[in-house]
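Peer 1: The structure that follows is given in the form of structure tokens.
The values are calculated or read from the model by the stated rules, or taken from the named source; none is laboratory data. Here the structure is a predicted model, which means the values were calculated and not measured. Please note: Cβ atoms are built from the backbone with ideal geometry, for glycine as well, and neighbour counts cover all protein chains shown. Note: areas computed on protein heavy atoms with side chains; ligands, DNA, RNA excluded. Shrake-Rupley method; radii C 1.70, N 1.55, O 1.52, S 1.80 Å.
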Amino acid sequence: MPELRKDPIVGRWVIIAHERAKRPHDFSGEAQLQAEASFCPFCEGNEDKTPPEIVAYRERGTRPNGPGWRIRVVPNKFPALKIEGNLNKRGEGIYDKMAGVGAHEVIIESPQHHISLPELPEENVREILWVYRDRLVDLKKDSRLVHGMLFKNVGSAAGASLEHTHSQLIVTPIVPISVWEEMTGSLEFFNYRGRCIYCDMVQQELSTEKRIVLDTSHFTAFCPYASRFPFETWIVPKTHSSHFENIPKQGVDDLATVLRQVLGKLELALDNPAYNYIIHTSPFDHQELPHYHWHIEIIPRLSKVAGFEWGSGFYINPVPPEDAAAFLRETEYPQTPTPLMNLGTGLA
């Protein structure tokens, strides 16, 4: 069973996950690509090579854990946290710990062996976002669980161990410290000015237009003023909302367009870099918050975090966000994806 341990100095919780030591790290770079060219557990036809599915969007008449799906959600084979058991909170001298109860799921985004979300048609991206919402709504019902983080790792440098396009959901029994810091900072701003800092950021970015990457009726994508990393890009809803799982249908439709376009621009402009994206959303046990605003942060892995950054908390970004945004704005990404040959051994 994984274990959560609390750092007594800064209050950060760490997951001690023994099972993760069994993950196959034998493949990297070209070796991984060659291995997946001959076999990929996420391709259609290989459903028995993953844990049984939790939910899937399927064609009518097809059976669970078999072909015929469009999107499939399965438990992570090497979970950071496990759904079974009680929290069993306890102390060990000055230290606090609890059982590693939570959820760790993999969202397989296509039965085809695509390696990039922007390669998918827009309707597929819409369904991915609906799956994200559905899983948060479902896991929110579990009183042991407090916060859900949806994220995507693309490329080995960003932590991906399989190239087939997929994302992940980890639900924790505590609020992660980075989310807590965002909520605390935004609450301080709200208490001082009576407004949401994220709403103000959107308005200011739209007024100057210097860091705007893409703007639509419901979302604004921009490179933040104090970007930590080169080409860091945020996608923020224009209408205030603290919980991603409350996104309406028109929001899903528009976000699918924005997410696919922004990721496509990054991949085209930067020659398919490794990157992460993370959906930052409010904890399950909070009602709608006037001071916090869900958003997506996209982090291309173009620079390395080294000793100074780890030791100080400062980040050194060699690309001004104004230049990054201008470069991405001028990058045209096609509305219709170019089909790629299936590289897996499945039915497609």
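Peer 1: Can you list the strands (runs of 3 or more DSSP E) found entirely within the stretch 93-203 that contain at least 1 residues being charged (D, E, K, R)?
Peer 2: 95-99, 103-108, 147-154
Peer 1: Let me ask another. Being surrounded by 20 or more Cβ atoms within 10 Å (Cβ to Cβ) and among the charged types (D, E, K, R) is the filter; apply it to the stretch 246-284 and report the residue that is farthest from residue 299 (Cα to Cα).
Peer 2: So, considering only residues that are surrounded by 20 or more Cβ atoms within 10 Å (Cβ to Cβ) and among the charged types (D, E, K, R), the one farthest from residue 299 (Cα to Cα) is 260.
Peer 1: Every residue in the stretch 192-217 that is of a type in the set (S, T, N, Q) and without any contact (Cβ under 8 Å) to a residue 24 or more places away in the chain, please.
Peer 2: Listed by number, the residues that qualify are 203, 204, 207, 208.
Peer 1: Let me ask another. Take the residues in the stretch 286-326 that are in a loop (DSSP other than H, G, I, E, B) and hydrophobic (A, V, I, L, M, F, W, C), then tell me which one is farthest from residue 218 (Cα to Cα).
Peer 2: Applying the filter and picking the extreme gives 306.
Peer 1: I've got another one for you. Kindly indicate whether residue 125 is among the β-branched types (Val, Ile, Thr), open to solvent by less than 50 Å² (accessible area, probe 1.4 Å) and either in contact with a strand residue (DSSP E or B) (Cβ under 8 Å, 6 or more places away or on another chain) or within 23 Å of residue 157 (Cβ to Cβ) (or both).
Peer 2: So residue 125 does not fit the description; no.
Peer 1: Evaluate the following for residue 275: is it within 30 Å of residue 135 (Cβ to Cβ) and aromatic (Phe, Trp, Tyr)? Quick ask: steps written out before the conclusion?
Peer 2: On the way: within 30 Å of residue 135 (Cβ to Cβ): yes; aromatic (Phe, Trp, Tyr): yes.
Spelling it out, residue 275 is indeed within 30 Å of residue 135 (Cβ to Cβ) and aromatic (Phe, Trp, Tyr).
Peer 1: If you don't mind, there's one more thing I want to ask. Return a yes/no flag: does the stretch 143-159 have any residue that is free of Cβ contacts under 8 Å to residues at least 60 places away in the same chain and crowded, with 23+ Cβ neighbours inside 10 Å.
Peer 2: For the stretch 143-159, residues free of Cβ contacts under 8 Å to residues at least 60 places away in the same chain and crowded, with 23+ Cβ neighbours inside 10 Å: absent.
Peer 1: On to the next question. Test residue 172 against the stated conditions and say whether it is modelled with pLDDT of 95 or more and either more than 19 Å from residue 245 (Cα to Cα) or open to solvent by 10 Å² or more (accessible area, probe 1.4 Å) (or both).
Peer 2: So residue 172 fits the description; yes.
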